[in-house]
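Student: The structure's right below; bear with me while I get my questions together.
The values are calculated or read from the model by the stated rules, or taken from the named source; none is laboratory data. What you see is a predicted model; the values in this text were computed from it and never measured. All Cβ positions, glycine included, derive from the backbone under ideal geometry; neighbour counts span all protein chains shown. Accessible surface is based on the protein model in full, side chains and every heavy atom, while ligands, DNA and RNA are left aside. Shrake-Rupley method; radii C 1.70, N 1.55, O 1.52, S 1.80 Å.
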Amino acid sequence: MPTKEIIERIGTLLDLAGVLVIALGVAIATVVFLLRWWRTRQVVDHYRPYRQGVGRAILLGLEFLVGGDIIRTVAVSPTFTSVGVLALIVLVRTFLSFSLEVELDGRWPWQGKGPIGGPSVGAR
């Protein structure tokens, strides 16, 4: 099997892993949310942990998807156009990752442990 084909398959497998991580993560977070809601009948108490679970699944899935894009673009077809498209994809996904991280943790990734505007609404 040629090297390019192996690299292409590895990139495709990483893409598949990213999609599966997102889908399974969202499904698991949803099941956990529904079980918690079923026990307490309180949506408000369980909504934030649900969003955090979904956000974490998306963040991890995005990492796999970026890895697949990098492998395929750099190793298989390193043209100026493909590298430029990769740069835009990585830029957009990096922005999404930062946005999700701020949403999940309430702070920028490079900040310390405290949230951006003091304690979050649901903090006790």
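Student: How high is the relative contact order of region 1-80, in percent, with contacts defined as C-alpha pairs under 8 Å that are six or more residues apart?
Tutor: This gives 53 percent for region 1-80.
Student: Taking H placed 1.01 Å from N in the peptide plane, check which residues at least 5 places from residue 107 or on another chain put their amide H under 5 Å from its amide H.
Tutor: 116
Student: Further question: Order 99, 82, most accessible first, counting only protein heavy atoms with a 1.4 angstrom probe.
Tutor: Result, largest first: 99, 82.
Student: In region 1-71, what percent of the accessible surface is made up of carbon and sulfur (1.4 Å probe, ligands and nucleic acids excluded)?
Tutor: After summing per-atom areas, the C and S share lands at 72 percent.
Student: Can you tell me the Rg and Dmax of region 1-69, counting just the alpha carbons, in angstroms?
Tutor: Computed over the Cα atoms of region 1-69, radius of gyration and Dmax are 16.5, 57 Å.
Student: Once you have the Cα-Cα distance between residue 41 and residue 70, take 0.36 nm times their residue separation minus that, and quote the gain in nm to one decimal.
Tutor: Extra length available between residue 41 and residue 70 comes to 6.0 nm.
Student: Hand me the trypsin sites (Lys or Arg not before Pro) from region 1-65 located in a DSSP loop with no more than 14 other Cβ atoms within 10 Å, in residue order please.
Tutor: Passing both the DSSP loop test and the Cβ count: 41.
Student: Sticking with the crude label model, points 7 Å out along Cα→Cβ, report the distance from residue 111 to residue 32 in nm, one decimal please.
Tutor: Going from the residue 111 label point to the residue 32 one covers 2.4 nm.
Student: Restricting attention to region 60-116, which chymotrypsin sites (Phe, Trp or Tyr not before Pro) occupy a DSSP loop and are surrounded by at most 15 other Cβ atoms within 10 Å?
Tutor: 110
Student: Something else now. Between 7, 58, 78, whose Cα lies farthest towards the positive end of the dipole of the chain when Lys and Arg beta carbons carry +1 and Asp and Glu beta carbons carry -1, centred on the Cα centre?
Tutor: 58
Student: Which whole-number value in Å² is the accessible area per residue of the chain, probe 1.4 Å?
Tutor: With the other protein chains kept in place, the chain gives 69 Å² per residue.
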